[in-house]
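In what follows, a single structure is set out as structure tokens and then discussed.
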Amino acid sequence: MKELVLEKKYSEVYTMPSGKKFVLPIRYEGWRCISAFFTADARAVRTALPSDKLKPLLMVPGKAVIVLMGMEYRMVDQLAPYNEFMVGVLVQYRPLFNIPGWPALFNPIYRPGLYSRLGVYVHYLPVTTEEAREGGVEGYGYPKSVNDIAFTNEGGAITCDLVTDGIGELSLKVKEIPVKHMKLNFNTWSVKDDRLLYTPIETIGDFGVRAIPGGAELTLGEGPIADDLRDLGIGNLAVGGFNGFNIDSLLHAPKELLPL
């Protein structure tokens, strides 16, 4: 039996333009994920952000942090199961200072309070079902598209493959990391109706965090996401990452809506 429990402390009904209604927060149960962090050219990353109020975290001078994350959702309380792949940027909102090297010294996963409204700006978020795409776009402004996303396990590693129109776009392979049961909270940044949305996601599960380089391989194929990652100057060496199993989570309504 799990020691920690996520409880819904409120409910809010959101009606999409299609007429479909969602009750927030949305609960996800029993899902798994893999993630890896890579550096990219900070100048190129800044031009990809929707507002100069969002500042990319700098692993070293001139190098921002790209987050790649594959998610396999097996049970969602208001949606059919689906898979998802995120390309994001670790950012702060209007920080007083943005010191290169802080992410290496103070892991943002464990020390989010050292940063100013830390979150992941969601740059791409492909999913495998139309209803998941519609809900994410209409409710949160997430840049979702419908793609093929598949997971495989082999030799102590998990691979997530993203396919666009039958062509391999990218493949992320992460060596499994020993886990412990813990609670991790995340926040995302997105844009909807010319406003920045800051959205909290609570999670509890079996997580393993890698705070040293290595342990992941990224293979870029053909397609707009792969081409964009190349244009951002994404590096070959993973600088960190994590995996998670048996995860329960709550996707909340945005807690802040701010001007661009």
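The values are calculated or read from the model by the stated rules, or taken from the named source; none is laboratory data. Keep in mind that this is a model prediction, so the values were computed, not measured. Neighbour counts run over all protein chains shown; Cβ positions are idealised from the backbone, glycine included.
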Of all residues making up the range 206-251, the number that are surrounded by fewer than 19 Cβ atoms within 10 Å (Cβ to Cβ), touching a strand residue (DSSP E or B) at 6+ places or on another chain (Cβ under 8 Å), at negative phi and outside any strand (DSSP E or B)
11
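Would you say Thr152 is surrounded by fewer than 16 Cβ atoms within 10 Å (Cβ to Cβ), in a strand (DSSP E or B) and at pLDDT 95 or above?
yes
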Scanning for something without any contact (Cβ under 8 Å) to a residue 12 or more places away in the chain and closer than 28 Å to Tyr14 by Cβ, does the range 155-168 turn up at least one residue?
no
Out of the range 31-56, which residues are hydroxyl-bearing (Ser, Thr, Tyr) and either more than 20 Å from Asn236 (Cα to Cα) or in contact with a helix residue (DSSP H, G or I) (Cβ under 7 Å, 6 or more places away or on another chain) (or both)?
Thr47, Ser51
If we keep just the residues of the range 207-226 that are farther than 21 Å from Arg111 by Cβ and among the charged types (D, E, K, R), which is farthest from the chain's Cα centre (by Cα)?
Glu222
Under 6 Å by Cβ, and 6 or more places apart or on different chains, what pairs join a residue from the range 120-148 that is within 23 Å of Ala64 (Cβ to Cβ) with one that is of a type in the set (Lys, Arg)?
Leu125/Lys144; Gly141/Lys192; Lys144/Arg133
Which condition does Arg74 not pass, out of (1) touching a Leu at 6+ places or on another chain (Cβ under 8 Å); (2) of a type outside the set (Asp, Glu); (3) within 22 Å of Leu6 (Cα to Cα), if it passes all the others?
(1)
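Out of the strands (runs of 3 or more DSSP E) lying entirely within the range 33-147, which hold 2 or more residues that are closer than 26 Å to Gly215 by Cα? Lay out the reasoning, then the answer.
Values: elements: 54-56, 58-60, 63-73, 82-93, 119-124.
Answer list for the range 33-147: 58-60, 63-73, 82-93, 119-124.
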Residues located in the range 79-101, provided they are among the aromatic types (Phe, Trp, Tyr), more than 24 Å from Val174 (Cα to Cα) and buried (at least 18 other Cβ atoms within 10 Å of the Cβ):
Tyr93
Taking the condition over 30 Å from Pro178 (Cβ atoms), aromatic (Phe, Trp, Tyr) and not in a strand (DSSP E or B), does Tyr10 pass?
yes
Looking at the range 230-257 only, could you name the residues that are touching a Leu at 6+ places or on another chain (Cβ under 6 Å) and at pLDDT 95 or above?
Asp248, Leu250
